[in-house]
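*Asks:* I'd like to ask you about the structure that follows.
The values are calculated or read from the model by the stated rules, or taken from the named source; none is laboratory data. As the structure is a prediction and not an experimental result, all values here were calculated from the model. Positions of Cβ are generated from backbone atoms using ideal geometry, with glycine treated the same way; all protein chains shown enter the neighbour counts.
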Amino acid sequence: MFELRLMVPEDRVELMGEALEELDALSVSVEDADAHTDAEQALFGEPGMPPPREGWQRSRLVALFQDEAAARHAGQVLAAQDFFEGCELLGVNVLPEQDWVRLTQSQFSPVEITSDFWIVPSWHEPPEAARHVIRLDPGLAFGTGTHPTTRMCLRWIATRAEGELGARVLDYGCGSGILAIGAAKFGASDIDAVDIDPAAVQSTQFNAQANHVQLNAALPEGAKGAYDTVLANILATPLKVLAPLLCAHVREGGALVLAGILERQADELKQAYAPWLQLTVSDSEDGWILMTARR
Ligand SMILES: C[S@@+](CC[C@H](N)C(=O)[O-])C[C@H]1O[C@@H](n2cnc3c(N)ncnc32)[C@H](O)[C@@H]1O
């Protein structure tokens with residue numbers, strides 16, 4: 001494989017990406033050319049929403065080609081176009097042969113939630129100390145246990161006193177289903193896991209089966225009635241919109257557990273939920289907080 005590398009200003013990223021695909025690039029990736037420098041201007045976007053801008057102020061495009069001639073030809077064709085002004089050809093590199101499966105797998109190790117609760121990829125043996133294990137491989141949906149928001153929710157589940165989690169649990173925004181599966185491992189027996197993304201619903205069903213866990217995975221209409229515990233790891237903006245809906249699903253005496261919230265967003269979340277529940281911050285990690293309430 002060969003990669004053609006180009007420097008492209010923000011307003012040309014999409015056009016150049018499309019042109020490279022027309023020229024038979026196998027893939028095109030876009031990197032921030034100013035990443036990790038003083039000139040870096042990070043772009044933050046909400047999952048599922050279009051990116052806030054088409055590219056960084058200076059983007060590095062890397063297009064993959066089957067052979068060197070195709071990569072060089074694409075570079076020559078692009079350089080001759082009038083829209084190439086302001087762009088730069090950085091060169092063509094040979095990409096060394098790699099065992100991509102092994103390389104990807106090496107990036108995922110078992111994740112410790114508590115000393116005896118671990119998330120373990122299928123190609124690893126669980127650590128000896130692990131009494132509770134979720135077997136999970138990275139897939140299409142969010143939630144491998146490596147993100148602090150997921151870890152805090154799982155830690156909350158694992159550290160409940162006997163019976164406190166309850167039997168009936170709702171995982172709202174289930175992604176890979178990791179929280180729903182975690183709830184099952186800690187005693188919940190009637191679990192609904194819902195997500196707006198059909199791929200997440202599928203992924204949850206698959207992961208539940210792989211963990212020998214019974215749950216109902218569905219689109220959001222699958223959330224019905226009152227639950228002992230409602231878990232939602234989404235992001236502050238959707239969590240504010242969902243406040244009345246999520247609170248309505250918490251039974252009298254039940255718990256609401258919210259994640260995906262940055263430390264500086266604590267007050268806006270408290271205000272949004274105040275008509276129904278009193279949220280408090282009950283955990284934090286790497287600038288993210290866990291907010292919980294009891295009805
Ligand atoms: C950050 S991921 C969390 C995944 C998993 N629960 C975890 O804790 O790792 C958020 C998930 O919420 C879903 N989501 C976002 N907005 C939603 C909404 N309004 N209703 C239901 N699901 C939503 C996304 O599709 C995504 O799968």
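*Asks:* Being basic (Lys, Arg) and in the same structural domain as Ser284 (by TED's automatic domain parsing) is the filter; apply it to region 118-174 and report the residue that is nearest to Leu103 (Cα to Cα).
*Replies:* Looking at the filtered set, the residue picked out is Arg151.
*Asks:* Which of the residues spanning region 250-275 are crowded, with 22+ Cβ neighbours inside 10 Å and under 23 Å from the mean Cα position of the chain (by Cα)?
*Replies:* Answer for region 250-275, where residues must be crowded, with 22+ Cβ neighbours inside 10 Å and under 23 Å from the mean Cα position of the chain (by Cα): Leu256, Val257, Leu258, Ala259, Gly260, Ile261.
*Asks:* Considering each residue of region 51-72, count those that are surrounded by 18 or more Cβ atoms within 10 Å (Cβ to Cβ), within 31 Å of the chain's Cα centre (by Cα) and touching a residue at least 60 places away in the same chain (Cβ under 8 Å), and give that number.
*Replies:* Within region 51-72, residues that are surrounded by 18 or more Cβ atoms within 10 Å (Cβ to Cβ), within 31 Å of the chain's Cα centre (by Cα) and touching a residue at least 60 places away in the same chain (Cβ under 8 Å) number 2.
*Asks:* Filter region 129-158 down to the residues that are under 14 Å from Trp118 (Cα atoms) and small (Gly, Ala, Ser), then identify the one that is nearest to the ligand (Cβ to nearest atom).
*Replies:* Of everything passing the filter in region 129-158, Gly143 is nearest to the ligand (Cβ to nearest atom).
*Asks:* Moving on. I'd like the full set of residues that are in contact with a Cys (Cβ under 8 Å, 6 or more places away or on another chain) and not in a strand (DSSP E or B), limited to region 259-274.
*Replies:* Tyr273
*Asks:* If the Cβ limit is 8 Å and pairs must be 6+ apart or interchain, which residue in region 1-25 that is over 18 Å from Ala80 (Cβ atoms) pairs with which residue that is modelled with pLDDT of 95 or more and part of a helix (DSSP H, G or I)?
*Replies:* Filtered contacts from region 1-25: Phe2/Glu68; Phe2/Ala70; Phe2/Ala71; Glu3/Ala71.
*Asks:* To continue, here is another question. Can you confirm whether region 89-108 contains a residue that is within 22 Å of the chain's Cα centre (by Cα), surrounded by 18 or more Cβ atoms within 10 Å (Cβ to Cβ), within 12 Å of the ligand (Cβ to nearest atom) and not basic (Lys, Arg)?
*Replies:* No, there is no match, as no residue in region 89-108 is within 22 Å of the chain's Cα centre (by Cα), surrounded by 18 or more Cβ atoms within 10 Å (Cβ to Cβ), within 12 Å of the ligand (Cβ to nearest atom) and not basic (Lys, Arg).
*Asks:* I'd like to check something: does region 222-233 contain any residue that is surrounded by fewer than 20 Cβ atoms within 10 Å (Cβ to Cβ) and within 11 Å of the ligand (Cβ to nearest atom)?
*Replies:* Checked region 222-233: at least one residue is surrounded by fewer than 20 Cβ atoms within 10 Å (Cβ to Cβ) and within 11 Å of the ligand (Cβ to nearest atom).
*Asks:* Another one. Would you mind listing the strands (runs of 3 or more DSSP E) fully within region 29-125 where at least 2 residues are of a type in the set (Phe, Trp, Tyr) and out of contact with any Ser or Thr (no Cβ under 6 Å at 6 or more places or on another chain)?
*Replies:* So the answer is 117-120.
*Asks:* Follow-up question, since we're still on this one. Going through region 159-185 one residue at a time, which ones are aliphatic (A, V, I, L, M), touching a Ser or Thr at 6+ places or on another chain (Cβ under 9 Å) and away from the ligand (no atom under 14 Å from the Cβ)?
*Replies:* In the first step, residues of region 159-185 are kept if they are aliphatic (A, V, I, L, M); the result is 161, 165, 167, 169-170, 178-181, 183-184.
Imposing the further condition that a residue be touching a Ser or Thr at 6+ places or on another chain (Cβ under 9 Å) reduces the set to 165, 167, 169-170, 178-181, 183.
Selection gives Leu165, Ala167.
*Asks:* Among the residues of region 279-293, are any more than 12 Å from the ligand (Cβ to nearest atom) and over 28 Å from Thr146 (Cβ atoms)?
*Replies:* No, the conditions are met nowhere in region 279-293.
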